Amino acid sequence: MKQYLALCQRIVDDGVWIENERTGKRCLTVINADLTYDVANNQFPLITTRKSFWKAAIAELLGYLRGYDNAAQFRAIGCNTWNANANDNQAWLNNPYRKGEDDMGRVYGVQGRRWQKADGTVIDQLKKIVDDLTKGIDDRGEILTFYNPGEFDMGCLRPCMHTHTFSLLGDTLYLTSAQRSCDVPLGLNFNQVQVFTLLALMAQITGNKPGQAYHKIINAHIYEDQLPLMRDEQLARTPFASPQLIINPKIKSLEDLETWVTLDDFEVVGYEHHAPIQYPFSV
Ligand SMILES: Nc1nc(=O)c2c([nH]1)NC[C@@H]1CN(c3ccc(C(=O)N[C@@H](CCC(=O)O)C(=O)O)cc3)CN21
Ligand SMILES: O=c1ccn([C@H]2C[C@H](O)[C@@H](COP(=O)(O)O)O2)c(=O)[nH]1
């Protein structure tokens, strides 16, 4: 939590105003932030200086791992975060690849589970990684990447947290997640939860112990219309201690994640938080 607040404060103190053409808004921006989450000791990095809707963040991650490509699929498992990008962005609405209401196109999990090869076959990146880690193999290329420049024009948004690299030292699993662009008040609140949960889940289903998760962010920003709430409200609050994430131990395989897992299989204990803050969202 302290590292999150330190990043917010750094943006407020040292950020540079940058015009963003896609959203038509200015963002206060810094370059490069490195966050570390202690998954080994279950220090769940949930924001405590406002109420965090962590279940939606885990649902979003679950949708990525399942290869979802439609905002209705995300809604069905308890996540509303893709409605606006799928249905309210004019550039995507005009895009001939958009297949209709709620379609997100070839983003995130589509690339992770069904990366299209030139010969017509597909690559399931996640399955290869799970199979290797289960056998104790780290070939130094256990990389799940959603970043496919050849298909950017076929999706509603380029992936922000785009590459997850897994590493094994003995039977301890590490994760390094790379993010090119980060909406710190809204997106990072979710992304921290996702990096932590991804390592915890992958360790659990591959029979390894979780170690640390490293989250590397390139462009970290606060949109102009979010700044007063962050500077004057959220940053004035004193954080509480980290809660813990409890994952149903019956989740034992990738197939479990794909088939029966729901948000009821995740629980947070010891979550003390301040009042909610509703930040404006930019499409
Ligand atoms: N401008 C922008 N920021 C983002 O963080 C973002 C995008 N766009 N587009 C793609 C996804 C969607 N994400 C989102 C979208 C909405 C919320 C959001 O509204 N969160 C609220 C409440 C969520 C709820 O009630 O479930 C929050 O207070 O955190 C968070 C992340 C993250 N990503
Ligand atoms: O997981 C996510 C997804 C998106 N974001 C934010 C970062 C930016 O504010 C926008 C994406 O805009 P681009 O113009 O494509 O950079 O969404 C996030 O923080 N986390």
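The values are calculated or read from the model by the stated rules, or taken from the named source; none is laboratory data. All values derive from a computational prediction rather than experimental measurement. Note that each Cβ is placed from the backbone with ideal geometry, even for glycine, and that neighbours are counted across all protein chains shown. Side chains are part of the model used for accessible areas, which takes the heavy atoms of the whole protein and leaves out ligands, DNA and RNA. Shrake-Rupley method; radii C 1.70, N 1.55, O 1.52, S 1.80 Å.
General remarks:
- Test: residue 55 is of a type in the set (D, E, K, R), under 17 Å from residue 187 (Cα atoms) and under 19 Å from the mean Cα position of the chain (by Cα): yes
- For residue 235, the stated conditions hold: it is within 25 Å of residue 20 (Cα to Cα) and away from ligand 2 (no atom under 16 Å from the Cβ).
- Of the criteria (1) part of a loop (DSSP other than H, G, I, E, B); (2) open to solvent by less than 10 Å² (accessible area, probe 1.4 Å); (3) out of contact with any strand residue (DSSP E or B) (no Cβ under 9 Å at 6 or more places or on another chain), which one residue 234 fails: (1)
- The listed residue being part of a helix (DSSP H, G or I) and in contact (Cβ under 8 Å) with a residue 40 or more places away in the chain, out of 222, 251, 205: 205
- Where a residue in region 143-157 is under 20 Å from residue 86 (Cβ atoms) and open to solvent by less than 30 Å² (accessible area, probe 1.4 Å) and its partner, wherever it lies, is within 14 Å of ligand 2 (Cβ to nearest atom) and in a strand (DSSP E or B), with Cβ under 7 Å and at least six apart: 146/162; 155/105; 156/105
- Among (1) buried (at least 19 other Cβ atoms within 10 Å of the Cβ); (2) in contact with a strand residue (DSSP E or B) (Cβ under 9 Å, 6 or more places away or on another chain) - the single one residue 60 does not satisfy: (2)
- Within region 39-67, residues that are among the basic types (Lys, Arg) and modelled with pLDDT of 95 or more reach partners that are assigned to a helix (DSSP H, G or I) and open to solvent by 10 Å² or more (accessible area, probe 1.4 Å) with beta carbons closer than 7 Å, at six or more positions or on different chains, in the pairs 55/263; 66/258.
- Meets criteria (of a type in the set (Gly, Ala, Ser), more than 14 Å from ligand 1 (Cβ to nearest atom) and in a helix (DSSP H, G or I)) for residue 136: no
- Scanning region 150-193 for residues that are within 30 Å of residue 50 (Cα to Cα), among the aromatic types (Phe, Trp, Tyr) and not in a strand (DSSP E or B) returns a single hit, 190.
- For region 254-270, filtering for residues that are buried (at least 16 other Cβ atoms within 10 Å of the Cβ), acidic (Asp, Glu) and in a strand (DSSP E or B) leaves 0.
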